[in-house]
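*Asks:* Encoded as structure tokens, here's the structure I'll be asking about.
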Amino acid sequence: MATQANLIEVTIWFRGVTEARLARRLANAIASAGAREGKFVQAFDNYADSPDRIDVPCRSYARLCVEPIAEPYIYENHSPSVVIVTEATLLKGCNVLKGLEPGGVLVVNTNRGPEAMLALLQDLPNLHRLKTLATIEVGNVALPYVPYGAGEGAVDTATQLKGAPILLGAFSRASGVVSIESLKAIERDHHGLELGYNETELLENPGYIPEEPTVEVLAEGYRSKVDLVIPAPAPGGENEDMITGNYRQQRPVIDLGKCTLCRMCWISCPDSCIEVPGRSGERIAVNLKYCKGCGVCWSVCPVEGAIRPEPELNYAGDVVRITY
Amino acid sequence: MAQARLGAQKPDKIEIADYEPIRSMRNVPTTEYYVPGHRTCGGCMPALAYRLTALAAGPNTVFAGPTGCMYVANTSYLCGPWAVPWIHTQITNGGAVISGIAAAYKAMIRKGKYDGEYPNIICFAGDGGSSDIGLQALSGAMYRNHDLLFITYDNEAYANTGIQVSPMTPYGAYTTFTPPGKVVPDAKPLFPKDLLKMVAAGHPAVKYLATASVSYPLDLMNKVRKALAVKGPTFMHIHAPCPKGWSFEAHRGPEIGKLAVETGMWTLYEIEDGHVKVNVRPRKWRPVKDYVATQGRFSHLTDEMIQRLQAFVDAKLADLGLEAEPPTPVPPVAG
Ligand SMILES: Cc1ncc(C[n+]2csc(CCOP(=O)(O)OP(=O)(O)O)c2C)c(N)n1
Ligand code: SF4
Ligand SMILES: [Mg+2]
């Protein structure tokens, strides 16, 4: 829990590079709106997520407080009251409720509604602290992912930023941390702000229990390791300490009836995620534990329809949740 | 064969001992030594270059990795995807570190302290760590006649630190250090160095040099095998599209690498003992405009600027003697 009682921490989960500018826009707008309401504010990126890589899960942060902020900067927001998720597949692969304050709020960009999102959170230790789950459809912010964010201050067509006001409106409605009026002073797209505010679907008390049932146990992720001797992966093996399936928004699905086993996808995969033959004896298979869903395989395939993208959220499972 | 204008001219072809070419997709070895589990971008083509190099080189290999994406993204949070020995070097000194490794193996074998076979010693350096800040160490390694291979994976920028301009960044490309503006509307105003030519021209010990591309994987792997079979220092320059740095959709890397070869923005050739051999020669060159259109980093270019880039490419191709050659069909992507 935050050591400073009046501090409100807002955490924004986003996809690296493709949504980096969107996430910063959200964090800056929330902090700026808070400042207009007379609060002390901060906005910053997660240090350990930097440099961001295309589609890697990343975090950006805002902090607001009625008194000067005394909470030290130790790379991240340790106990957010509000979490915004810019792309719903992040719920499958990350512990988005890590450190959540009791009575916390989660805002997700999705067209699948709050119940579907709740189903993805069932194994998270802090679900009982979640008071409000809000969903809003901003469209697919990340797709078709032309990463104009290519580093700070890159040439930008503003296309990926059009979702920001809608998400901010939803954030204001679900959390009340800043008012829609204050946001209107920051964001020019008032229509987008109001759309987000009015169209948000809210699910109250999705798993909330007012009293803490047990002491919170946070599963430890690989980032907490400090071993100095690390075993190398075996030839043909996997680097178990860097599981990358949680990058994936679209998964490759192979049609065995059409695949000619030409191996173009196999030789072109930067993450060695096409297996010929598959480990369960299939003629060819995808290693979904590591596949980032980059789409190189379905782009190089010379046979129409032999390997095609499907939304990851159409499937349950197959993504190892990284707790960070 | 185009007559060499690069490097030292020698009358005879060198013998390449024990070189086992990979003749088809079915002959490609399947044991990975650069395994899944690295924090590179989705669609990162330098990562594919690493994977193909490791596949071709096999188990008796030592990698050195100067600072850059292929160090930082691969080793994030105290782990790494290599199943063979790997060492981090400073961005400046990859060539020096592999020189030391080569000298140590040589001495240990001579003194009977190591009874294994002399390994493949490969430095896998970025374009910044080769053509710019790592140039002196690269030159030293190429000069001293060590038995090693220096590979430059070229993503045409200092990518890891957020896409800053490097000497390999093409004319007209946006980087965070070369934004297009009122004073310099073309973004990067300079034309790139010719790194392979620099290594070839000034390092008599180097008997084999090659360019390669991730979009021609068999060609790439065979060149790695050849370079490792040649005794002494060898050099490879691999074109590796970077979706983050060049602003294109993550799935398009192989297509854009191929387009680079088809427009002449990148050329696939090797120099064996001074003889230049061009490996892929399209029947007709596609206009550079087609390549430029695929990447956000060129989105500000005017027709006039694209023409300037085309003229540069035309001159580069003429220098390789390419327009004088009888046209041959483009081989399939698989090489
Ligand atoms: C002496 C020194 N200067 C600057 C840096 C910061 N730095 C780290 S990675 C990097 C970029 C390297 O570019 P390149 O060699 O092209 O590899 P890439 O990241 O593009 O793969 C830089 C500038 C450093 N590590 N050391
Ligand atoms: S910035 Fe480029 S080179 Fe670096 S990890 Fe991403 S795609 Fe690969
Ligand atoms: Mg580079």
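*Asks:* For the protein assembly as shown, what is the accessible area per residue in Å², given a 1.4 Å probe and the full set of protein chains? Show your work: numbers first, answer last.
*Replies:* On the way: 25470 Å² over 659 residues.
With all protein chains present, the protein assembly as shown gives 39 Å² per residue.
*Asks:* Still on this structure, please answer the following. In the full protein assembly as shown, how much of A:W13 is accessible to a 1.4 Å probe, in Å² to the nearest 10?
*Replies:* Near enough 10 Å² of accessible area.
*Asks:* Right, something else. Using 1/(1 + (r/R0)^6) with R0 = 45 angstrom and r between the beta carbons of B:E323 and A:V276, what's the FRET efficiency to the nearest 0.05?
*Replies:* Plugging the Cβ-Cβ distance into 1/(1 + (r/R0)^6) gives 0.65.
*Asks:* Now for a different question. Please check which bits of the range B:24-64 a label hung off B:F177 would reach, taking the label as a point 7 Å along Cα-to-C-beta and the cut-off as backbone N under 14 Å.
*Replies:* none
*Asks:* Compute the angle between helix A:190-199 and the longest alpha-carbon principal axis of chain A, please, reported from 0 to 90 degrees and rounded to the nearest 10.
*Replies:* The helix A:190-199 is inclined about 80 degrees to chain A.
*Asks:* Would you mind computing, in nm to one decimal, how far apart the modelled labels at B:S139 and A:K162 are, each placed 7 Å from Cα along Cα→Cβ?
*Replies:* 5.2
*Asks:* A further question on this structure: Taking the 0 to 90 degree range and rounding to the nearest ten, how far is the long axis of helix A:164-175 tilted relative to the main principal axis of chain A, both from C-alpha atoms?
*Replies:* On a 0 to 90 degree scale, this one is about 60.
*Asks:* Quickly work out the B:K277-to-B:K111 label distance, labels modelled 7 Å from Cα along the C-beta direction, and quote it in nm with one decimal.
*Replies:* 4.0
*Asks:* Still on this structure: Give the average, rounded to an integer, of partner chain Cβ atoms located within 10 angstrom of each Cβ in B:238-250. Let's see the in-between values first.
*Replies:* On the way: counts 0, 0, 1, 0, 2, 11, 13, 5, 2, 9, 4, 10, 16.
The mean count of partner-chain Cβ atoms within 10 Å per residue comes to 6.
*Asks:* B plus A alone minus the pair: what accessible area, both sides summed, probe 1.4 Å, in Å² to 100?
*Replies:* On the way: alone 14650 and 15290 Å², together 25470 Å².
Between B and A, the summed buried area is about 4500 Å².
*Asks:* Return the unpartnered cysteines for the protein assembly as shown, using a Cβ-Cβ cut-off of under 4.7 Å.
*Replies:* A:C58, A:C65, A:C94, A:C259, A:C262, A:C269, A:C294, A:C301, B:C69, B:C79, B:C123, B:C242
*Asks:* OK, next. Kindly identify the protein assembly as shown as rounded, prolate or oblate by the Cα gyration tensor criterion: order the square roots of the eigenvalues as a ≥ b ≥ c, call it rounded if a/c is under 1.5, otherwise compare a/b with b/c, prolate if a/b is larger, else oblate.
*Replies:* prolate
*Asks:* Return the distance in nm (one decimal) between the two label points of a simple spin-label model at B:Q307 and A:E212, each offset 7 Å from Cα along Cα→Cβ.
*Replies:* 7.2
*Asks:* Another question, then. Which of A:C269, A:V319, A:C291 sits closest to the plus end of the dipole of the protein assembly as shown, meaning its Cα is farthest towards the positive end, when Lys and Arg get +1 and Asp and Glu get -1 on the C-beta?
*Replies:* So the residue furthest toward the plus end is A:C269.
*Asks:* Other chains near A:295-307: what is the mean number of their Cβ atoms within 10 Å of each residue's Cβ?
*Replies:* Across A:295-307, the average partner-chain Cβ count within 10 Å equals 3.
*Asks:* Hey, another quick one. With a ≥ b ≥ c the root eigenvalues of the C-alpha gyration tensor of the range A:1-64, is it rounded (a/c under 1.5), prolate (a/b larger than b/c) or oblate?
*Replies:* Cα axes put the range A:1-64 in the oblate bin.
*Asks:* From other protein chains only, count the Cβ atoms within 10 Å of every residue's Cβ in A:266-279, then give the mean.
*Replies:* On the way: counts 4, 15, 11, 5, 21, 13, 13, 1, 0, 2, 2, 1, 0, 0.
Across the residues of A:266-279, the mean count of other-chain Cβ atoms within 10 Å is 6.
*Asks:* Between A:A35 and A:V320, what FRET efficiency comes out of the Förster formula 1/(1 + (r/R0)^6) with R0 = 41 Å and r the beta carbon distance, rounded to 0.05? Can you show the working numbers first?
*Replies:* Working: r = 39 Å, r/R0 = 0.96.
It comes out at approximately 0.55.
*Asks:* Is there a pair in B:K182/B:K258; B:K223/B:K244; B:K207/B:K244; B:K106/B:K207 whose C-alpha atoms are over 29 Å apart, and which pairs would that be?
*Replies:* Long pairs (Cα-Cα over 29 Å): B:K182/B:K258; B:K207/B:K244.
*Asks:* Using only Cα atoms, locate the centre of the range A:72-134 and the centre of the range A:1-57, then give the distance between them in Å, rounded to an integer.
*Replies:* 14
*Asks:* Need the C-alpha centroid separation for the range A:285-324 versus the range B:127-182, integer Å.
*Replies:* When both Cα centres are located, 33 Å separates them.
*Asks:* Same structure, new question: Can you compute the FRET efficiency between A:L256 and B:E20 using 1/(1 + (r/R0)^6), with r the Cβ-Cβ distance and R0 = 45 Å? Round to the nearest 0.05.
*Replies:* On the way: r = 32 Å, r/R0 = 0.72.
The formula returns an efficiency of 0.90 here.
*Asks:* Among B:R23, B:R281, B:R39, which one shows the biggest mean-square fluctuation in a GNM of chain B, springs joining Cα atoms closer than 10 Å?
*Replies:* Among B:R23, B:R281, B:R39, the largest GNM mean-square fluctuation belongs to B:R23.
*Asks:* Roughly how tilted is helix A:20-36, in degrees to the nearest 10 and between 0 and 90, from the longest Cα axis of chain A?
*Replies:* 10
*Asks:* Using a 10 Å cut-off on Cβ atoms, rank the peptides B:166-173, A:315-322, A:168-175 from the highest mean neighbour count down.
*Replies:* In descending order of packing, they fall as A:168-175, B:166-173, A:315-322.
*Asks:* Set Lys and Arg Cβ to +1 and Asp and Glu Cβ to -1, take the dipole of the protein assembly as shown about its Cα centre, and tell me which of A:L120, B:A318, B:C123 lies farthest positive.
*Replies:* Towards the positive end, the residue furthest out is B:A318.
*Asks:* Just check the range A:245-314 against the gyration tensor rule for me: Cα atoms, a ≥ b ≥ c as the square roots of the eigenvalues, rounded for a/c under 1.5, and otherwise prolate or oblate depending on whether a/b exceeds b/c.
*Replies:* Cα axes put the range A:245-314 in the rounded bin.
The values are calculated or read from the model by the stated rules, or taken from the named source; none is laboratory data. Just so you know, these numbers come straight off a predicted model, no measurement behind them. So basically every Cβ, Gly included, is an ideal-geometry build from the backbone, and we count neighbours across all protein chains shown. Areas reflect the complete protein model, heavy atoms only, side chains present, ligands, DNA and RNA absent. Shrake-Rupley method; radii C 1.70, N 1.55, O 1.52, S 1.80 Å.
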